[in-house]
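K.L.:
This is the structure, below, for whatever I ask next.
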Amino acid sequence: MQEETWMSTPPPYSVGSKICLHGLLNQDINGKEGTVIGSAVNNRIGIHLQGDNRRVSIRILNLRYQEGPGKNRRTLCYVVDKAQAEIELFQYRITGTD
């Protein structure tokens, strides 16, 4: 069995990626599909909701690719590692220590 290399995949969400929102407390948009319209900043990313003329900023962990679960597993690993690196960098900038 060939092992997946999660970290060698490109960044998970790029402009134009088709996604589905999940795990949101706001049930009005939970489950909606949309398109990524911007880069990730502070673990959030801009989404244009399909069928609406509405743009929202959503936490990356509340997104899934529309294409299926295989990509989501790699995405989650990548996102968690990236988020941890951003947190460590932010802590360093504030305190000057790890």
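The values are calculated or read from the model by the stated rules, or taken from the named source; none is laboratory data. These figures come from a predicted structure and were not determined experimentally. Here the Cβ is made from the backbone with ideal geometry for all residues, glycine too, and neighbour counts use every protein chain on show.
K.L.:
Arg44 - would you say it is among the charged types (D, E, K, R), closer than 25 Å to Ala85 by Cβ and touching a residue at least 12 places away in the same chain (Cβ under 8 Å)?
P.N.:
It is true that Arg44 is among the charged types (D, E, K, R), closer than 25 Å to Ala85 by Cβ and touching a residue at least 12 places away in the same chain (Cβ under 8 Å).
K.L.:
Are any residues in the stretch 14-45 part of a loop (DSSP other than H, G, I, E, B) and touching a helix residue (DSSP H, G or I) at 6+ places or on another chain (Cβ under 7 Å), and if so, which ones?
P.N.:
Just the residues of the stretch 14-45 that are part of a loop (DSSP other than H, G, I, E, B), to begin with: 14-17, 22-32, 37-40, 42-43.
Result: His22, Gly23, Leu24, Ala40, Asn43.
K.L.:
Then there is this: Could you check the stretch 56-98 and list, in sequence order, the residues that are β-branched (Val, Ile, Thr) and modelled with pLDDT under 80?
P.N.:
Thr75, Val79, Val80, Thr97
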